[in-house]
Amino acid sequence: MPAPDPPSFHTLFNQAEAGLWFVIAAVLAMRPPMPAPWRWLLPLAFAVFGVSDLIESRTGAWWEPWWLFVMKAACALVFLLAWQSHRRQKRPHG
């Protein structure tokens, strides 16, 4: 029986990227409390983004199946909203 083909660069890259998102999710979940709802939503979004990269490593595309694109876009929206919220809190009042 022939040996299976080694994973492609794309597959390995997506798996490594997923690992990074899982680490970021864990760090965010353990750091001092953030304002609600970010204290649970932001780590969850990073973890889901990691899952989406694992799925992408199997499908070969971030837009197929269609729901994978929706999943990634929803996570990106959470990242953007959290960043905007953080910037608003850091802005000097006056």
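Here are some notes:
- Under the condition of being modelled with pLDDT under 95 and buried (at least 16 other Cβ atoms within 10 Å of the Cβ), the residues counted in region 36-56 number 1.
- Subset of region 28-69 [within 13 Å of the chain's Cα centre (by Cα) and farther than 20 Å from THR11 by Cα]: LEU28, LEU41, LEU42, PRO43, LEU44, ALA45
- Checking each residue in region 56-84 for being assigned to a helix (DSSP H, G or I), over 13 Å from ALA45 (Cβ atoms) and not acidic (Asp, Glu) picks out SER57, ARG58, THR59, TRP66, TRP67, LEU68, PHE69, VAL70, GLN84.
- Taking the criterion of being surrounded by 14 or more Cβ atoms within 10 Å (Cβ to Cβ) and either free of Cβ contacts under 8 Å to residues at least 12 places away in the same chain or assigned to a loop (DSSP other than H, G, I, E, B) (or both), the only residue of region 21-35 that qualifies is MET34.
- Leading residue by the ranking (surrounded by the most Cβ atoms within 10 Å (Cβ to Cβ)) among those in region 1-20 that are in a helix (DSSP H, G or I) and of a type in the set (A, V, I, L, M, F, W, C): ALA18
The values are calculated or read from the model by the stated rules, or taken from the named source; none is laboratory data. Note that the structure is predicted; figures quoted are calculated from it, not measured. Virtual Cβ from ideal backbone geometry, glycine too; neighbours counted across all protein chains shown.
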